[in-house]
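Asker: Next up is a structure, given as structure tokens.
Since every read-out is calculated from the coordinates, none of them should be taken as a lab result. Just so you know, these numbers come straight off a predicted model, no measurement behind them. Here the Cβ positions follow ideal geometry from the backbone for every residue, glycine too, while neighbour counts run over all protein chains shown.
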Amino acid sequence: MTLANDLDIEQTRAHFPALRSGHIFADNAGGSQVPKDVVDRISDYLLNTNVQVNVDYSISIQSTQRVAEGRAAAARLLNAAKPEQIILGGSSTANMENLLRQFDGDVNAGDEFILMDGEHEANNGTWKKLAARTGAIIKYWHPVITSPENPFSVVHRVEHLTPLITPKTRVVAFSACSNILGSVVPVKEISKAVRAEAAAKGAQKVDISIDAVAYAPHRRIDVQDWDIDFCMLSFYKVYGPHAAALYVRSPVHPSSSSVAHELVYGSTGILPYLLSLTPINDLQATFDAIASHEKSLVDPLLAFFTHPEQRARGLMIVGSEDAHDIGRVPTISFVIQGENPIPSQEIVKRINRKGGVGIRGYKYSCTTEDGVQLSLDGGVARISLVHYNTVEEVHKIIEILKEIIYT
Ligand SMILES: Cc1ncc(COP(=O)(O)O)c(C=O)c1O
């Protein structure tokens, strides 16, 4: 019997035909694998209801309904109050860019946007472009270094965000989880602190914009509880097809959405898949079970990376090293520096050349609160796992890493 808090890993993996190959998918932050039911829905749409929507013949009524179901399902995944608060599109970056194009008249020169330093362009570049069009000013929320032994152990703390708020603050944009650093950022707590500080300083209207793309596969999103204004979710990172949903607090017209209808219908398979992971059909229970399983993946990886032997070899995590931090997802970025460094691209190449496993490298740069520029010109190597990965796979990855590092 499966307890509410336990994943039946074999049953979970059986949903994903791609996992049968035995390949270790360790680049999930780039995009996850897709359960068969999601794929079946895409082909069902194309095979049976592929007609123009919004016409009054029976098949069009069905296809219109299927697209509407996609918006409603995305609303449930984000816990939005209404489907009318969801924009669907090809990607989170495109959704945000399209939305912010409509905001030029809402922003005044001198308004201030606070952005999380080092974060993805989707919630960073889009706001910067709006600032460039309107004369708004960009300020950065920088991370701090948390381990004296590792200059790359960076984490963003709320106490360095709130002092940036002034009466002119108009936007605070950050990620609920970085696709590089892997720490879960306490959105609710931060949103509360931002709103209190903004009220105390007389900021009239502060929009909070959350990038939940790298967070969504690991933890439950709740835009209402978080009290936020925008939230990005890319289906292809959370067991769905290559499309995305954007939550906007003020309802938007369905015509703001532009995306392949078969992918919208396919995305309705994500929620039933997630709910099937525990016997109690509850999204919070699903994500509790996912968090608990993922901790069993994070722990051996962090133990390996922070072991004195690896430290002496120059192996360093880029992000939080805290093994006991329940807010750590199994996205582990790292570099090898010291006396015998290996460039990150070379690490990635050597691991992938082994065969049977796939990871990737990624660019990352940020400046710490103390003004230290992290020198990661060669980028990081990144292992990113999700709940369908197994502890056995983690041990295989560690064996491969050892071979590469010590031979
Ligand atoms: C944290 C994060 N935000 C946003 C995005 C962009 O998502 P999309 O490809 O849907 O624009 C990505 C993609 O890698 C990401 O990792």
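Asker: Among all stretches of the chain without exposed GluC sites (Glu not before Pro) (DSSP loop, at most 15 other Cβ atoms within 10 Å), which one is longest?
Answerer: Formally, the longest exposed-site-free interval is 150-338.
Asker: Evaluate the relative contact order of the chain (contact order divided by residue number), counting alpha-carbon pairs under 8 angstrom at least 6 apart; express in whole percent. Before the final figure, lay out each step's value.
Answerer: Working: 818 pairs, mean separation 91.2, N = 407.
Normalised by residue count, the contact order of the chain is 22 percent.
Asker: Let me ask another. Report, in debye and to the nearest 20, how large the dipole of the chain comes out about its Cα centre when Lys and Arg carry +1 and Asp and Glu carry -1 on their Cβ.
Answerer: 620
Asker: Let me ask something else. Once the other residues with Cβ under 12 Å from the Cβ of Y362 are scored (Lys, Arg +1; Asp, Glu -1), what is the net sum?
Answerer: +2
Asker: How large is the charge dipole for segment 69-275, taken about the Cα centre, if only the Cβ atoms of Lys, Arg (+1) and Asp, Glu (-1) carry charge, to the nearest 20 debye?
Answerer: Numbers: 20 positive and 21 negative charges, 44 e Å.
Roughly 220 debye for segment 69-275.
Asker: Any idea how far the Cα center of segment 10-28 sits from the one of segment 79-113, in Å?
Answerer: The two parts, judged by their Cα centres, are 35 Å apart.
Asker: What order do you get for V107, V238, V34 when you list them from fewest to most C-beta neighbours inside 10 Å?
Answerer: V107, V34, V238
Asker: Can you run phi through the Karplus equation (6.51, -1.76, 1.60; θ = phi - 60°) for segment 164-174 and list ³J(HN,Hα) in whole Hz, with x for Gly and Pro?
Answerer: Whole-Hz 3J(HN,Hα) from phi for segment 164-174: 6, 6, 9, x, 8, 4, 10, 9, 10, 10, 8.
Asker: Mind listing the long-range amide H neighbours of S153? Cut-off is under 5 Å, sequence gap 5 or more, other chains count too, H placed in the peptide plane at 1.01 Å from N.
Answerer: HN-HN under 5 Å from S153: T146, S147, G319.
Asker: I've got another one for you. Through the Karplus equation 6.51 cos²θ - 1.76 cosθ + 1.60, θ set to phi - 60°, convert the phi angles of segment 93-101 into ³J(HN,Hα) values in whole Hz; use x for Gly and Pro.
Answerer: Along segment 93-101, the couplings run 4, 5, 4, 5, 4, 4, 5, 5, 4 Hz.
Asker: Work out the FRET efficiency for S365 and I59 from their Cβ-Cβ distance, taking R0 = 51 Å, and round it to the nearest 0.05.
Answerer: 0.50
Asker: Here's another thing I want to ask about it. Under a straight-distance cross-link criterion of Cα-Cα below 21 Å, which lysines are reachable from K295, leaving out those fewer than 8 residues away in the same chain?
Answerer: K237, K396
Asker: Can you tell me the dipole magnitude for segment 176-261 around its Cα centre, using point charges on the Cβ only (Lys, Arg +1; Asp, Glu -1), in Debye to the nearest 20?
Answerer: Using Cβ point charges on Lys, Arg, Asp and Glu, segment 176-261 gives about 40 debye.
Asker: A follow-up question, please. For the chain, report the translational diffusion coefficient in µm²/s to the nearest whole number, using Stokes-Einstein at 20 °C, 1.002 mPa s, and a Kirkwood Rh over Cα pairs.
Answerer: 97
Asker: Going by how many other beta carbons lie within 10 Å of each one, how would you line up K354, K139, K237, fewest first?
Answerer: Ordered by Cβ neighbours within 10 Å, fewest first: K354, K139, K237.
Asker: Ok, one more. What list of ³J(HN,Hα) values in whole Hz, one per residue of segment 137-144 in order, does the Karplus curve 6.51 cos²θ - 1.76 cosθ + 1.60 (θ = phi - 60°) give from phi, with Gly and Pro shown as x?
Answerer: For segment 137-144, the Karplus-derived couplings read 9, 9, 10, 10, 8, 8, x, 10 Hz, x marking Gly and Pro.
Asker: Could you please rank L233, L47, L115, placing first whichever residue has the fewest other Cβ atoms within 10 Å of its Cβ?
Answerer: Ranking L233, L47, L115 by Cβ neighbours within 10 Å, fewest first, gives L47, L115, L233.
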